[in-house]
1. Can you give the Rg to Rh ratio for the range 43-119, taking only C-alpha atoms and Rh from Kirkwood?
2. How high is the FRET efficiency from ASP98 to ASN43, r the C-beta distance, R0 22 Å, rounded to 0.05?
3. Counting only other residues whose beta carbon sits under 12 Å from that of HIS95, what net charge do I get with K and R as +1, D and E as -1?
4. Could you line up THR41, THR52, THR74 from fewest to most neighbouring Cβ atoms inside 10 Å?
5. Which order results if VAL27, VAL34 are arranged by neighbouring Cβ count within 10 Å, fewest first?
6. What spacing in nm lies between the two simple spin-label points modelled at ILE89 and ARG57, each 7 Å away from Cα in the Cβ direction?
7. Please rank GLU54, GLU100, GLU64, fewest neighbouring Cβ atoms within 10 Å first, as an exposure proxy.
Amino acid sequence: MVNGGPSASGVQWVTTKQKVGSAMAKVKWILCPVCEGDGKTVNPDIDSNGLTAEDFREDPDFAENYWSGMYDITCRGCNGHRVVTHERIEELRQHADDRELAAREDGCWDGGVRDWRYG
Ligand SMILES: [Zn+2]
């Protein structure tokens, strides 16, 4: 008996693809909590430690750039897709924990390391 053949493998391929399609349909998409659906965020290197009104007052150019979106990057939480899966949220939480642990071990802890914008 001859196994496969072009038409047989073609059918197999279609069947597999349909299975993948229906599995994907079951995924629940959640609005990305990192960018709140914007698909982009301000680069966390700029403000993950928190900016104050003072920072903006002392540097008006910086403030202007900041608000105009010059420091925006594609959201690392959702890669710009604006939505994430539950698994991705768990992953982001885990990464934040990992960064916090590493920062504490290094003794250079600051609040910014838990920022989910780091992905
Ligand atoms: Zn996002």
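1. That ratio equals 1.04.
2. 0.60
3. On the way: positive: ARG76, ARG88, ARG93, ARG99, ARG114, ARG117; negative: GLU90, GLU91, ASP97, ASP98, GLU100, ASP115.
Net of charged neighbours comes to 0.
4. Least crowded to most crowded, the residues run THR52, THR74, THR41.
5. VAL27, VAL34
6. 3.8
7. GLU54, GLU64, GLU100
All of the numbers you see were taken from the coordinates with simple rules; none came from a lab. From a predicted model like this one, the values you see are computed outputs, not experimental measurements. No Cβ is skipped: glycine too gets one built from the backbone with ideal geometry, and neighbour counts run over all protein chains shown.
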